[in-house]
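The values are calculated or read from the model by the stated rules, or taken from the named source; none is laboratory data. Given the structure is predicted, the values throughout are model-derived calculations rather than measurements. Don't worry about glycine lacking a Cβ; one is built from the backbone with ideal geometry, like all the others, and counts go over all protein chains shown.
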Amino acid sequence: MSVGRVAVVGGSIAGCAAALAVARAGAGEVVVFERAAGGLQDRGIGLAVHDRRYAELEAAGYLDPGIPWVRLTSRPWIVRDGGSRAGRRLGALPFGFRSYNWGSLWSALRARIPASVAYERGTAVEQVLPGPGGAVLRLAGGREERFDLVIGADGYRSAVRAATRDATVPGYAGYLAWRGALPEEELPGLAGAWARDEAATVAFPGGHMIVYRIPGPGGSGTSANWVFYAAPADPAHALSVGDAAGLPPDRVPEALTAHHRAVVDAHFPPYWQELVRRTPKGATYVQPVYDLCVPRYGEGRLVLLGDAAAVARPHSGSGAVKALQDAAVLERCLASAGSPAEAVAAYDAARAPVGRAVVGLGRRLGRAQVQGTPAWEGMDQTALERWWKQASEGEGRFGGQALDGARRG
Ligand SMILES: Cc1cc2nc3c(=O)[nH]c(=O)nc-3n(C[C@H](O)[C@H](O)[C@H](O)COP(=O)(O)OP(=O)(O)OC[C@H]3O[C@@H](n4cnc5c(N)ncnc54)[C@H](O)[C@@H]3O)c2cc1C
């Protein structure tokens, strides 16, 4: 089967992976439309990919060992405790992940897209008009183009999703994520504060901060990538953020910066306070946490992928993995189906349950780690393991589902 002319809307992680997928599946022509005019490589910070999910995605040809990464194995949970500079460790949970610099991962995917694929930067899709056997894209400036298949890889505010029957919208989870990165050489000095393979987690009432090392930009050196989750002091402040991709540092409202600093001062052990304080304001972003899951990953000749289809809270550790898996499964479905309709149906059947499971896990972990935090101080290794088991139990696997859909791995 030839899928004919394919448009991919969005050229971030999901979009690059989708372009690779449809090109490999034998599409006649592939065009990627990316709204951002510049390269995306400088805008992201860090992300983590579960070891087993990495192995599957390497075998499927979406990731490769040449992309700079840092091995993580353990996640100590830390609380403030009297005079201890690094804090007191409650215990540690296994954390078998590879950490990446977002920009390097995106650049590697972008470089994998065959030269036959057109990647149009600075081109926003304003409207998607589905019709029999295809869809017309209305682009900024009034240009219109018809495609046989349109792939929505355009993130949480997807224009492609808006053209589907359900037009599902994201729901604000009630709290924010502050993100930052500090180059390794600027970390406060304290021998043994945290090992290179640790994803240290500072816990406090109403939230936590996870910190792990990532490769620096372009793979040079390492940086400490931190993400701090808490509700804003005034719920109205969250509305000023709005954009799930995150506010750039120069647009973060002062009230949110002040709240972040106040929580850190009140609850963090001195070493971790210092780590946050040393992070320049120019390297600190804020984003609201959202939940989103579409009932259908495909409809007619429209397909949704990555964050356009499902946004799971970052605690699930699966945002990039889910997007790459979506692409890998779409490739298989397109390559093996007898018609585009059959391929879209097979893709939907395979991926919609995965999206639901991961979003559900993100909600449960958000409740346990932010919205209904336990009395951390009284916990030890046994209590920590019990709490984690309860929080993560149910549908959805930490770090992402197995690529073949089985509940294993
Ligand atoms: C610049 C950027 C930085 C990020 N940084 C991090 C990070 O540091 N850590 C982390 O864990 N996750 C980060 N993310 C989120 C992460 O990439 C996603 O959660 C995950 O990888 C799935 O990505 P996605 O491609 O589905 O969605 P996204 O990464 O959100 O990409 C959507 C893309 O679609 C484009 N787009 C949207 N609407 C249109 C339109 N109408 N027409 C054309 N193009 C459109 C956007 O410009 C964007 O490039 C970042 C996302 C972006 C865009």
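Filtered by the rule that a residue be free of Cβ contacts under 8 Å to residues at least 12 places away in the same chain and at negative phi, region 133-174 gives Val136, Arg143, Glu144.
Figure legend. Inter-residue proximity from region 26-52: first residues near the ligand (Cβ under 10 Å from one of its atoms), second residues among the acidic types (Asp, Glu), beta-carbon distance below 8 Å, spacing 6+ or different chains. Indicated pairs: Val32/Glu120; Phe33/Glu120; Glu34/Glu120; Arg35/Asp154; Leu40/Glu34. Specify which of the listed residues (Leu302, Leu365, Leu324, Leu292) is more than 18 Å from the chain's Cα centre (by Cα) and buried (at least 18 other Cβ atoms within 10 Å of the Cβ). Just a single option satisfies the conditions, and that option is Leu302. Close Cβ contacts (under 7 Å, 6 or more residues apart or on different chains) running from residues in region 299-315 that are within 16 Å of Val128 (Cβ to Cβ) to residues that are crowded, with 24+ Cβ neighbours inside 10 Å and among the polar types (S, T, N, Q) comprise Leu304/Ser158; Ala308/Ser158.
Within region 68-88, being surrounded by fewer than 19 Cβ atoms within 10 Å (Cβ to Cβ) and under 12 Å from Ala195 (Cβ atoms) holds for Arg71, Thr73, Ser74. Taking the criterion of being farther than 16 Å from Leu109 by Cα and within 20 Å of the chain's Cα centre (by Cα), the residues of region 10-44 that qualify are Arg35, Ala36.
When Val263, Val303, Val311, Val321 are checked against the criterion of being assigned by TED's automatic domain parsing to the domain that holds Thr201 and among the hydrophobic types (A, V, I, L, M, F, W, C), Val263 stands alone in meeting it.
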